[in-house]
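Following: one structure in C-alpha cells, then a few remarks.
Derivation of every value follows stated rules applied to the coordinates shown; laboratory data play no part. On a predicted model such as this, the values are computed, not experimentally measured, just so you know. Here the Cβ positions follow ideal geometry from the backbone for every residue, glycine too, while neighbour counts run over all protein chains shown.
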Amino acid sequence: MTAKDTVKIAAVGDLHVTRTSHGVFQPVLSKITEQADILVLCGDLTDYGTAEEAHVLAKELTMGVKIPIVGVLGNHDYESGKEEEVKHILTEAGVTILDGEACEILGIGFAGVKGFAGGFGRCTLGAWGEHGIKAFVQEAINEALKLESALARLRTHQRVAILHYSPIAATVAGEPVDIYPFLGTSRLEEPLGRYPVNIVFHGHAHSGSPEGTTMTGIPVYNVAMPMLRRRFPDQPPFKLITLEVNPSNGTEAQGQTQIHAIGA
Ligand SMILES: [Fe+2]
Ligand SMILES: [Fe+2]
C-alpha cells in the first residue's frame, strides 16, 4: 500500500484555550503536524468562548499546524454568547467548523455537530412534563437531527463523525455517575447506527474513558485532552488513527489539501 492510500487523522478536544495560552500548545501541535494528515478538533476549543481566546487559538493553530483542520465547537465555546464570532475567527484561520454540516478532506468524509446532553439508554431523559424539560430534550433531538442530515450527505468510503458530547455511556465511564446525563446522550447514537460511519470522535468527558463502541459496533474515541494526558502520560495528548482510502470510488487522497463542503 502506498502512502496516498492511507490518511492519518489526529483527534483532540478540550484544549480550553485562554488568553494566556500563547505558545502552550506548540509542542503538541507540531507533533500533530509531523504525524498526521488531518487534525480533528472536538470542541471546548476555548475556555469561555470569547473572541480574545479564539484569536489566541487561531494564532496557535496558524503557527503550529500545517495540515487541514476540521472540528466542532463545545459548550465552553458558547459560554459568552459569542459562538458565531468564535466560529468566524477560527474559520478565517483556516479551520472548518461543522455544525450539522459535512465535508470531505483527502477523500475522508466528516460529519460534525456539537451534540447535547440528556443521558444514556433507559435513563435518557424524555420530553414529558414541564416546558423546560421539553425544551432541554428538544435541543438534544435537534442536534441528533443535524448529525443525521450531515451523515446523509457523505458518499465517501470512510466516514468520520465529530462530536463534543458523547453518544455512548462507555466513554464517559470514570466520571461521577451523577453527571452522566450531562456528558452526552444516546439520542446522538441513533443516527450513527443508520449510516456506515467508521469512527466517532468526541470530547467533553475530561475524566471519562478513551474508547468504546456503539450498539452497532462503531468505534468511539473520547479525545478530551485532560483525559488523554492523565491516561497516557508518556504519549502526546491526541489520538492518531490511520484510515485506508478506497481507491476504487474516485475519492482517494491525492495529497491536496482542498476541503470540499458537501450539501447546504
Ligand atoms: Fe471540556
Ligand atoms: Fe465540554
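Here are a few things to note about the model shown:
- Highest mean first, the peptides 185-191, 20-26 sorted by other C-beta atoms within 10 Å per residue fall in the order 185-191, 20-26.
- Simple label model, 7 Å out from Cα along Cβ direction - THR20 to LEU145, nm: 4.4 nm
- The value for the chain of Rg(Cα) / (2.2 N^0.38 Å) is 0.94.
- At most 14 other Cβ within 10 Å, DSSP loop - chymotrypsin sites (Phe, Trp or Tyr not before Pro), segment 47-129: TRP128
- Calculated FRET efficiency for the pair THR62/ARG230, C-beta based, R₀ 41 Å, to 0.05: 0.90
- Per the Cα gyration tensor, segment 1-67 maps to an equivalent ellipsoid with semi-axes of 25, 12, 8 Å, ordered largest to smallest.
- Cα gyration tensor shape of segment 155-194, rounded if a/c is under 1.5, else prolate or oblate by comparing a/b with b/c: prolate
- PHE25 long-range amide H proximity, modeled H, under 5 Å: none
- Think of each Lys and Arg Cβ as +1 and each Asp and Glu Cβ as -1; about the Cα centre, that makes the dipole of segment 1-82 roughly 300 debye.
- From its DSSP helices (H runs of at least four residues, each -39,500 (n - 2.57)), the chain gives a residue-normalised ellipticity at 222 nm of -8000 deg cm²/dmol.
- Long hydrophobic helices in the chain: the complete DSSP H runs spanning 27 Å or more by Cα along their own axis with mean Kyte-Doolittle hydropathy of at least 0.0 are 131-153.
- About the centre of its Cα atoms, segment 85-201 shows a dipole size close to 360 debye [charges on the beta carbon of Lys, Arg (+1) and Asp, Glu (-1) only; nearest 20 debye].
- Ratio of Rg to Rh over segment 73-177 (Cα coordinates, Kirkwood Rh, two decimals): 1.00
- Farthest positive-ward along the chain dipole, Cα basis, beta-carbon charges - from TYR165, VAL17, PHE238: PHE238
- Burial ordering of ARG159, ARG229, fewest other beta-carbon atoms within 10 Å first: ARG229, ARG159
- Cut-off 19 Å (backbone N to label point 7 Å along Cα→Cβ of SER30), residues of segment 203-242: 235-238
- A simple charge model with +1 on the Cβ of Lys and Arg, -1 on the Cβ of Asp and Glu and nothing else charged puts the dipole of the chain at about 500 debye relative to its Cα centre.
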